[in-house]
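The structure's right below; bear with me while I get my questions together.
The values are calculated or read from the model by the stated rules, or taken from the named source; none is laboratory data. Everything quoted here is computed from the prediction, not taken from an experiment. Every residue, glycine among them, receives a Cβ derived from its backbone with ideal geometry; neighbour counts consider all protein chains shown. Protein only, heavy atoms only, side chains kept; ligands, DNA and RNA dropped before computing areas. Shrake-Rupley method; radii C 1.70, N 1.55, O 1.52, S 1.80 Å.
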Amino acid sequence: MSLVPSLSNAQPPKLNALYARPLPWLIVLAAALVVIRVAISPALKWDEAEQVLWAQHLRWGYGEQPPLYTWLQWCLLQAFGPCVLALALLKYALVALTCALMWLAGRELIGPRGAWWSAVSLMLLPAFGWSSINDQTHTVLVTAMTCGTWWLLLRIVRREGRGCQREFVALGLACGCGMLAKYNFAPMLAALIVALASVRETRRALFGRGWWWAALIGALLVAPHGVWLLSHWHKATAITFQKMDIAGHQWGLGLWNLLGALLATLALWALLALVAFRSGWWRSSDGALPAPAWLRPVFGRYLGLLVLMLLGMVFAADVTVFKDRWILPMFASVPLMAFALRPELET
């Protein structure tokens, strides 16, 4: 079924409400997912059983994963007990939050329809739209914090850093929580900060008045777990290194698996977006506002830095295994970038 007719400016009232106020619809989606999960089976999956076990106690670290998801799970287990309902409520609330934050990030750059497409596109990234909904835990949380970080940084840039002290405080919270959600948040954040700092307009906003609040709050949030990580380094990294299957100079295998992970993450969305918009991706359209001048260099450098990091893992660290859920936080913003660079699509 073609999606092109739905792109006309004459929108049904219900669709206009969906684009402008997606949160109620996302809450309905999360509630439906909770009901389905509870109805399917009381049996726990691997990650769910792991959370029930870990969330019996509050600690600064749990195995190879940072502690934030388990802390949040502990709160719900205190309220509902060790049951599927408590596990499903947290995960699917985070799914709705992730889409809402991506919608907010999109609204900083494009109209409500384009922002909604960016949010819904997350469901076309299998590591989020399928694996995270069915089995993953920490991946859902780190994706939510990734979307929140993008939203706050884009908001700061759009306001040129003026009067953004509250945004910098919130950014510090988002970055600290992202690091406490999953360690693959770090390369995403590093690439995004460097890309923003490399362009004059965005650098001025990034280091606007009160920027140090973000660094201070983020560091304070992460510091206790950082101390735990240093004292439990082998325990926290052994399983991760084993999963990466580090093998000397098997670069061909590493590149092949990296390409497979990238395709597994983005190919479905790219294919459906091409089918939906066809030549709109490269055809100019009158009446559309041009994208900001800083957008293309920031997005291009961000993606370039990520690719360099991943290639460094192959050639310098001899990593041979990549999984789509590992690179999801790095590339979850690709649909947003694409729609922001082609604002003509909204017309």
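Might you check whether a residue that is basic (Lys, Arg), open to solvent by 10 Å² or more (accessible area, probe 1.4 Å), free of Cβ contacts under 8 Å to residues at least 12 places away in the same chain and closer than 23 Å to residue 179 by Cβ occurs anywhere in region 152-166?
Within region 152-166, one or more residues are basic (Lys, Arg), open to solvent by 10 Å² or more (accessible area, probe 1.4 Å), free of Cβ contacts under 8 Å to residues at least 12 places away in the same chain and closer than 23 Å to residue 179 by Cβ.
Could I ask something else about it? Could you list all residues from region 222-242 that are surrounded by 13 or more Cβ atoms within 10 Å (Cβ to Cβ) and either at positive phi or at pLDDT below 90 (or both)? Please lay out each step first, then the result.
Filtering region 222-242 for residues surrounded by 13 or more Cβ atoms within 10 Å (Cβ to Cβ) gives 222, 224-226, 228-229, 232, 235-237, 240-241.
Across region 222-242, the qualifying residues are 232, 235, 236, 237, 240, 241.
Can you pull out the helices (runs of 4 or more DSSP H) entirely within region 293-347 that have at least 2 residues that are open to solvent by 30 Å² or more (accessible area, probe 1.4 Å)? Walk me through it before giving the result.
Working: elements: 295-315, 324-331, 334-341.
In region 293-347, the matching helices (runs of 4 or more DSSP H) lie at 295-315, 324-331.
Let me ask something else. Being farther than 29 Å from residue 163 by Cβ and assigned to a loop (DSSP other than H, G, I, E, B), is that true of even one residue in region 218-230?
No: region 218-230 contains no residue that is farther than 29 Å from residue 163 by Cβ and assigned to a loop (DSSP other than H, G, I, E, B).
Can you name the number of the only condition in (1) in contact with a helix residue (DSSP H, G or I) (Cβ under 8 Å, 6 or more places away or on another chain); (2) open to solvent by 10 Å² or more (accessible area, probe 1.4 Å); (3) closer than 25 Å to residue 232 by Cα that residue 77 fails?
Failed condition: (3).
Take the residues in region 249-268 that are open to solvent by 80 Å² or more (accessible area, probe 1.4 Å) and over 21 Å from the mean Cα position of the chain (by Cα), then tell me which one is modelled with the lowest pLDDT.
249
Of the numbered conditions (1) closer than 23 Å to residue 176 by Cα; (2) of a type in the set (Phe, Trp, Tyr); (3) in contact (Cβ under 8 Å) with a residue 40 or more places away in the chain, residue 116 satisfies every one except a single condition; which is it?
The single condition residue 116 does not satisfy is (1).
Separate question: Answer yes or no as to whether residue 284 is polar (S, T, N, Q), at pLDDT 95 or above and in contact with a helix residue (DSSP H, G or I) (Cβ under 8 Å, 6 or more places away or on another chain).
No.
Let me spell it out: the conditions are (1) touching a residue at least 24 places away in the same chain (Cβ under 8 Å); (2) open to solvent by 60 Å² or more (accessible area, probe 1.4 Å); (3) of a type in the set (D, E, K, R), and residue 182 meets all of them except one. Which number is the exception?
All conditions pass for residue 182, except number (2).
Take the residues in region 164-212 that are part of a helix (DSSP H, G or I) and basic (Lys, Arg), then tell me which one is nearest to residue 226 (Cα to Cα).
166
List the pairs whose first member sits in region 260-271 and is farther than 16 Å from residue 120 by Cβ, whose second member is open to solvent by 50 Å² or more (accessible area, probe 1.4 Å), and whose Cβ atoms are under 7 Å apart, counting only residues at least 6 apart or on separate chains?
The qualifying pairs are 261/323.
Okay, next question. Kindly evaluate residue 280 against the criterion of being part of a helix (DSSP H, G or I), over 20 Å from the mean Cα position of the chain (by Cα) and free of Cβ contacts under 8 Å to residues at least 24 places away in the same chain.
In short, no.
Scan region 190-221 residue by residue and report those that are open to solvent by 20 Å² or more (accessible area, probe 1.4 Å) and not hydrophobic (A, V, I, L, M, F, W, C).
198, 200, 201, 203, 204, 209, listed by residue number.
Search region 191-204 for residues that are within 21 Å of residue 312 (Cα to Cα) and pair each with any residue that is part of a loop (DSSP other than H, G, I, E, B) and of a type outside the set (D, E, K, R) when their beta-carbon atoms are under 9 Å apart and the residues are at least 6 apart or on different chains.
Matching pairs, first to second residue: 192/333.
Could you count how many residues in region 167-177 are in contact (Cβ under 8 Å) with a residue 40 or more places away in the chain and crowded, with 20+ Cβ neighbours inside 10 Å?
The qualifying residues number 6.
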